[in-house]
Ligand SMILES: O=C(O)CCC(=O)C(=O)O
C-alpha cells in the first residue's frame, strides 16, 4: 500500500480507498463483535454509546493501516490528525424492504441518496471542515449493483465561499451533473476515506452491509467545532496504547 499516493488522491479527488485495511482474524473479531452486540441490543444500527464498551470495535479507533494514509493527508496541510467523532456502526440492509431494480449505468438519477454530510451539521465551521475526513470500514463486500459507496469525484472543491460564518454548499446540479460519478465497490475489511463536502451516496444494498464510521479533524482546528465524540476514561483503555495519541481530548 502506497500511503502517500492514497493521501494524494484524498487531497485531489476528495476520496480514497484503503484496500484490506483490516484482515483475517482481526476482521472476523470485528464482525463477530457486531453480531454479538446487535443480538444483545436487538438492532443493527448502533450509536457510539452502544458500541463504546466493545473492545474489538474500539481496537479499530486510530487503526495503524488507516492512519498511515490519514497522517500523510494531515501532514500535507501542516496539521496533526485527531479522532473527532464516531457515529457508530450499522447494517443498512433491511430484508423487509428489498430494493427494486437498479441501473448501475445511471448513478445520476438512481436512488443513491447523494448528499454532503455537512448538510446535517449544526453550525459548520469552514476552517474546521477544510481538513475534516470521514472514514468508513466495510465488514462486508460491496458491488457496483449492490451496496457500493459512490463518490462525486472532486466535489469537495465546490465549497470555496462562506456566508454568515458558514460554508456555501454546492448545488446538486454542480455536484452530481457536473462531476464524474464513480462507484467504489470494496472487499470486506477495506476502508473508504472522504473529505468533508465530498458528495456521496450508496447503491441500495440487497444483502448484509455493515459499516463503521470514524471521522478525523486537524488537532490544530479541533476546538473550533463543537459536538465531537467524547471518549471516557474507561473507553480509552480499550483503544490500543499506540493509537491513543489520536484521542485529542485524552492526550491534552
Ligand atoms: O454507508 C456508506 O457507504 C455511506 C454512508 C453515508 O453516506 C453517510 O454516513 O453519510
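None of the figures in this text is laboratory data; all of them are computed from the coordinates on show. Note that the structure is predicted; figures quoted are calculated from it, not measured. With ideal geometry, Cβ positions are generated from the backbone for all residues, glycine too; neighbour counts draw on all protein chains shown.
Couple of notes before you dig in:
- For segment 182-252 and segment 4-65, distance of Cα centres in Å: 8 Å
- For residue 106 and residue 207, the FRET efficiency from 1/(1 + (r/R0)^6), where r spans their Cβ atoms and R0 equals 30 Å, is about 0.90.
- A protection proxy built from the mean count of other Cβ atoms within 10 Å ranks the segments 173-181, 105-113, most packed first, as 173-181, 105-113.
- Calculated mean residue ellipticity, 222 nm, the chain: -6500 deg cm²/dmol, from DSSP H runs (n ≥ 4) at -39500 (n - 2.57) each, averaged per residue and rounded to 500.
- Overall form of segment 1-44 per C-alpha gyration tensor (a/c, 1.5; a/b vs b/c): oblate
- Each Cα pair under 8 Å and six or more residues apart adds its separation to the average, and for the chain the resulting relative contact order is 33 percent.
- In terms of packing, defined here as the mean over residues of other Cβ atoms within 10 angstrom, the peptides 190-203, 83-96, 119-132 line up highest first as 190-203, 83-96, 119-132.
- Take the Cα of residue 144, go 7 Å toward its beta carbon, and the backbone nitrogen atoms of segment 84-119 under 13 Å from that spot belong to 103-107.
- With neighbours defined as other Cβ atoms within 10 Å of a residue's Cβ, the residues 143, 73 order from fewest to most as 143, 73.
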